[in-house]
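Only the coordinates and a few stated rules stand behind these numbers; no lab work does. Note that the coordinates shown come from a computational prediction; the quantities given were computed from them, not determined experimentally. Virtual Cβ from ideal backbone geometry, glycine too; neighbours counted across all protein chains shown.
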Amino acid sequence: MKIFLYFGASDRSGLILEKLIKTHLPEVEMAVYRTIDNLAQSLRHPTENSDVAVLLVSNQEDLKNILSIAHLFQNIRIILLVPSKEAEIVALAHRLRPRFLTDINTDLAEITAVLKKMFKDQ
């Protein structure tokens, strides 16, 4: 079981979420990626079906870049945080078929609760 956490270089929410995950799920291995290229490179290696990607998307361009590597998430469950609930962004986000989709303004503790449930069900 592993968490792939992606957030942009200047994203404070990502740093907060990283700390929350380490605190609430210390037994789960987590890898943090600040660029799409690094995330993609890691995802090219075989993964377990129990792996989860937590993706914090900062803007529509970032979401489109993640969509360009969507094929690499084939066996990985996705939790996706988008910058807004605009119809176009939500429509693009659903292409990734996330298990959980919310906007970045959510209570980040909710994400750790979702992760706990996902790993408990394994």
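Structure data summary
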read-out	value
Unique match (being under 20 Å from Gly8 (Cα atoms) and not basic (Lys, Arg)) among Ala87, Ala53	Ala53
Within segment 3-15, tally of residues that are surrounded by 15 or more Cβ atoms within 10 Å (Cβ to Cβ) and farther than 14 Å from Ile36 by Cβ	2
Contacts under 9 angstrom Cβ, first residue in segment 99-122 being touching a residue at least 60 places away in the same chain (Cβ under 8 Å), partner among the charged types (D, E, K, R) and surrounded by fewer than 12 Cβ atoms within 10 Å (Cβ to Cβ), 6 or more apart	Phe119/Glu27
All positions within segment 14-27 that are more than 20 Å from Lys64 (Cα to Cα) and in a helix (DSSP H, G or I)	Leu15, Ile16, Leu17, Glu18, Lys19, Leu20, Ile21, Lys22, Thr23, His24
Residue match in segment 52-71 (condition: surrounded by fewer than 13 Cβ atoms within 10 Å (Cβ to Cβ) and under 20 Å from Leu115 (Cα atoms))	no
Of residues in segment 28-56 being assigned to a helix (DSSP H, G or I) and not charged (D, E, K, R), the one nearest to Ile69 (Cα to Cα)	Ala40
Count of residues meeting criterion [of a type in the set (A, V, I, L, M) and exposed (fewer than 12 other Cβ atoms within 10 Å of the Cβ)] in segment 76-108	2
